[in-house]
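Bear in mind that the values in this text are calculations on the coordinates, not laboratory data. Owing to the predicted nature of the structure, the values given are computational and were not obtained by experimental measurement. Positions of Cβ are generated from backbone atoms using ideal geometry, with glycine treated the same way; all protein chains shown enter the neighbour counts.
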Ligand SMILES: NC(=O)c1ccc[n+]([C@@H]2O[C@H](COP(=O)([O-])OP(=O)(O)OC[C@H]3O[C@@H](n4cnc5c(N)ncnc54)[C@H](OP(=O)(O)O)[C@@H]3O)[C@@H](O)[C@H]2O)c1
């Protein structure tokens, strides 16, 4: 893993000339501690009381999945960062289709992050919050029946009552964050923050992320650029109706390993 940006003062000067390496940093595997430092949530929080970061992977030609999953365009280093981002979060917010297609399981407690989480006042693992209108989810799965921290189901006030009961029977906590069948993205962020879950991480999918983008509540995007080309008609990382004016983000950092770029962008303007 090498850091390409920002370039620190400690970095040896890059020799001039056409053959000069564009990259600087150390080409070795980073410890989980180093990754956790690199991806720490801002200490000051955010103007809307929470910090919502997304973690997504995209192929070079913009595909967010291949054969219905993101694994074919991911890598071992991508999964290390995926795990690190989870370990830093209070809650992982994910769309129901991603849960169904990727076979989501509860987040694990990981020894490597235990002291860091305890010092940050966090429980052993983040809660998973599944966003769904239909609640057409298999509530017999371990995600609902045996998580370390109860799984949350974010839905609208008009969610099917029998499915709500089923979710609660399984041990999930149903949180209403919308007046109709669906969740209003801003209310989801607020409802989670109201439970003290302010370090928020969304893992998509694209339909859910598009709504966070459109609502203007996304603070940060951790985007892995995978050195793969897939062609086809896969979704991009964010879908749904386009925003009126593209939201502008600023580059915060870039790491590299095996041709994968691990970028991190932050919103430039406050909410
Ligand atoms: N490249 C990546 O980093 C990445 C990350 C995640 C996922 N993916 C891929 O993306 C695909 C799935 O993503 P997707 O965009 O189709 O689906 P998604 O965003 O994961 O889930 C869509 C579902 O979430 C629920 N939902 C979304 N917005 C809602 C709202 N406002 N209120 C209530 N419920 C809402 C609905 O569930 P109900 O139908 O239950 O009502 C909807 O059908 C998979 O192929 C997965 O592999 C890629």
TODO: Can you tell me the FRET efficiency between residue 111 and residue 145 if r is taken as the Cβ-Cβ distance and R0 is 25 Å, rounded to the nearest 0.05?
DONE: 0.55
Open item on the list: Run lengths n ≥ 4 of DSSP H only: what is the helix-derived mean residue ellipticity at 222 nm for the chain, with -39500 (n - 2.57) per run over all residues, to the nearest 500?
Closed with: -7000 deg cm²/dmol
Task: Length gained when the stretch residue 40-residue 229 is fully extended (0.36 nm per residue, less Cα-Cα span) - done: 65.0 nm
Task: Within the stretch 249-268, backbone nitrogen closer than 16 Å to the virtual label 7 Å beyond the Cα of residue 8 toward Cβ - done: 253-256
Task: Approximate spin-label separation residue 165-residue 120, in nm, with each point projected 7 Å along Cα-to-Cβ - done: 3.9 nm
TODO: Quick one: among 43, 64, 191, which has the greatest mean-square fluctuation in a GNM of the chain with alpha-carbon springs under 10 angstrom?
DONE: 43
- [ ] Could you state the angle between the C-alpha long axis of helix 76-88 and the longest principal axis of the C-alpha atoms of the chain, as a value from 0 to 90 degrees rounded to the nearest 10?
- [x] 60 degrees
- [ ] Return one number: the angle in degrees, 0 to 90 and rounded to the nearest 10, between the long axis of the Cα atoms of helix 185-194 and the longest principal axis of the Cα atoms of the chain.
- [x] 90 degrees
Task: 0 to 90° range, to nearest 10: angle between helix 206-215 axis and the chain longest Cα axis - done: 90 degrees
TODO: Please work out how much length the chain gains when fully extended from residue 268 to residue 245, using 0.36 nm per residue of separation minus the C-alpha to C-alpha distance, in nm with one decimal.
DONE: 6.9 nm
Task: Choice from 174, 91, 130 with maximal GNM fluctuation in the chain (Cα, 10 Å cutoff) - done: 174
Open item on the list: Could you identify which residue out of 125, 250, 170 has the top mean-square fluctuation in a GNM of the chain using Cα springs shorter than 10 Å?
Closed with: 250
- [ ] Please sort 220-232, 145-157, 198-210, 237-249 by packing, taking for each peptide the average over its residues of neighbouring beta carbons within 10 angstrom, highest first.
- [x] 198-210, 145-157, 220-232, 237-249
